[in-house]
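So the structure is just underneath, and the comments pick up after that.
The values are calculated or read from the model by the stated rules, or taken from the named source; none is laboratory data. All values reported here derive from a predicted model rather than from experimental measurement. Cβ placement follows ideal geometry from the backbone for every residue including glycine, while neighbour counts extend to all protein chains displayed. These area figures cover heavy atoms from the full protein model, side chains too; ligands, DNA and RNA do not enter into them. Shrake-Rupley method; radii C 1.70, N 1.55, O 1.52, S 1.80 Å.
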Amino acid sequence: MPELPEVETVRRGLEPVLSGARLARVRANRPDLRFPLPDGFVQRLMGAKILRLERRAKYLLAPLDRGDTLVMHLGMTGRFEIAAPSSEPGGRAMRPGDFAREVKPDDKHAHVVFETEDGAVVTYYDPRRFGFMDLIATDRLDRHPWFATMGPEPLGEAFDAKTLVAAFNGRKQGPKTLLLDQKTVAGLGNIYVCEALHRARISPFKPAGMIAGKRLGPLTTAIKAVLAEAVEVGGSSLKDFAAADGALGYFQHRFRVYDREGQPCPTPGCKGVIAREVQAGRSTFFCPVCQV
C-alpha cells in the first residue's frame with residue numbers, strides 16, 4: 001500500500017490540474033471500487049469547483065464549492081493518470097518528481113474519469129479495486145470515522161517530541177508499534193518507521209516507556225526528514241504504486257535498512273549487519289548493534 005510520501009507525491013502532481021478547477025464531466029465506469037460509490041456520485045460532482053487539493057494521512061481530499069469533500073484513497077494499486085489540455089506545449093502532464101520507469105495503465109482498469117472545463121482529463125485506475133472514493137459533508141469531515149481519531153500529521157507543526165512523550169509514557173509496546181498506530185501520528189507506514197528509528201538509533205523492540213524523553217526530539221526530526229526526502233524523490237514505490245503521471249518512484253534506492261537484510265549497517269563507525277524480524281505481522285529491518 002502506498003505510504004504518506006507517495007500520496008503526497010500524487011497530491012502535488014494533481015494539484016496544478018485540479019486545484020481551482022471546475023469539473024465539466026465525470027464518468028464512473030462501474031458503481032463501486034472497494035466500496036460502492038455514493039449515491040448520485042457523478043451528478044454531485046459535475047459542475048462542481050474543486051477549491052483546493054489536500055492530504056490527510058493517506059487520504060486525498062478535494063473540498064468542493066457545494067459543501068462536500070471528495071475523499072479518495074489509493075488502496076494498493078490505485079493510481080491517477082493526467083492527460084494535459086491539448087493547448088499546452090507537448091500536451092504532457094506535469095511531473096511531481098523524479099522517477100525510475102514508466103508504467104502504462106490498462107484501459108480496462110480505468111474506473112473513474114474527471115474532465116475539467118480547461119480540458120484536462122484525470123483518470124483513476126485501480127486493477128485490484130482496493131481504493132475507494134466518497135463524498136462527505138466538509139463541515140462533518142473531522143467527525144467522520146475515518147478521521148475522528150487520527151493523530152497529528154507527521155510533517156505538521158503539531159507533531160513534535162511532546163507528542164511522542166505523551167504517547168510513549170508508560171507503554172510496554174515497542175516504538176514501531178506505537179508509531180504505526182494512526183491515533184499516535186497520522187499516515188506513518190512500515191517503511192518509514194523502520195528508516196526513522198534507524199536514523200535515531202532507537203530499537204524498534206524496546207518498550208516505548210523506557211525510551212528517554214531526550215531521545216524523542218531526534219526521533220521526530222528523523223521522521224520528518226525521511227518523509228520529506230521521500231516526497232522529493234517520489235516516494236518508495238516497490239511494486240504497483242505510481243505517481244500522478246503514471247511513473248514509479250525510487251526512494252527505495254535510498255533505504256538504509258528497509259529490505260537490506262544481511263548488508264552492512266550504513267551508520268558511520270558501526271560494524272553491525274542489518275537484521276530482519278517479523279513484528280506484528282510486518283517485516284522490521286534494523287541494526288542490532290547501533291539501535292538500542
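Which one of Val165, Asn190, Ala57 has its Cα pushed farthest toward the positive end of the charge dipole of the chain, where Lys and Arg give +1 and Asp and Glu give -1 at the Cβ? With unit charges placed on the Cβ atoms, the residue in question is Val165.
Just from its helices, what would the mean residue ellipticity at 222 nm be for the chain, if runs of 4 or more DSSP H residues each count -39500 (n - 2.57) and the sum is divided by every residue, rounded to the nearest 500 deg cm²/dmol? Mean residue ellipticity at 222 nm (helix-derived): -6000 deg cm²/dmol.
Hydrodynamic estimate: the Kirkwood radius of region 31-73 over Cα pairs, inserted into Stokes-Einstein at 37 °C and 0.692 mPa s, corresponds to D of 295 µm²/s.
Excluding same-chain neighbours fewer than eight residues apart, the lysines reachable from Lys214 by a Cα-Cα span under 24 Å are Lys162, Lys172, Lys176, Lys183, Lys206, Lys224. Sequentially through region 277-288, phi angles give Karplus couplings (6.51, -1.76, 1.60; θ = phi - 60°) of 9, 8, 10, 6, x, 10, 6, 10, 10, 6, 9, x Hz, Gly and Pro residues having no value and appearing as x. Using Cα atoms only, what is the angle between the long axis of helix 190-199 and the major principal axis of the chain, expressed in degrees (0 to 90) to the nearest 10? The angle comes out at about 40 degrees.
Rank-order 10-22, 38-50 by packing density, defined as the average count of other C-beta atoms within 10 Å over each peptide's residues, highest first. Walk me through the intermediate numbers first.
Working: 10-22: 20.5, 38-50: 15.2.
The densest-packed peptide leads the list: 10-22, 38-50.
Label separation (Asp160 vs Asp139): 3.3 nm, computed from points 7 Å beyond Cα along the C-beta direction.
Computed about the Cα centre, the dipole magnitude for the chain is approximately 1060 debye when only Lys and Arg (+1) and Asp and Glu (-1) carry charge, each at its Cβ. With all protein chains kept in place, the per residue accessible area of the chain amounts to 46 square angstrom at a probe of 1.4 angstrom. When cysteine pairs in the chain are screened for C-beta atoms closer than 4.7 angstrom, the residues that find no partner are Cys194.
All Cα-Cα separations within the chain were binned at 10 Å from zero, giving a P(r) of 6, 27, 32, 21, 11, 3, 0, each value a whole percent of the pairs. Each peptide in 257-266, 175-184 was scored by the mean count of other Cβ atoms within 10 Å over its residues; highest first, the order is 175-184, 257-266. In this label model, Asp259 and Arg34 are separated by 2.1 nm, measuring between points 7 Å along each Cα→Cβ vector. Give the Debye-formula value of log10 I(q)/I(0) at each listed q (0.14, 0.26 Å⁻¹), with one equal scatterer per alpha carbon of region 174-227, two decimals each. Results for region 174-227 at q = 0.14, 0.26 Å⁻¹ read -0.29, -1.10.
For region 1-63, a simple Cβ point-charge model (Lys and Arg +1, Asp and Glu -1, everything else neutral) yields a dipole of about 240 debye relative to the Cα centre.
The slack between Arg44 and Ala212, meaning 0.36 nm per residue of separation minus the straight C-alpha distance, is 55.3 nm.
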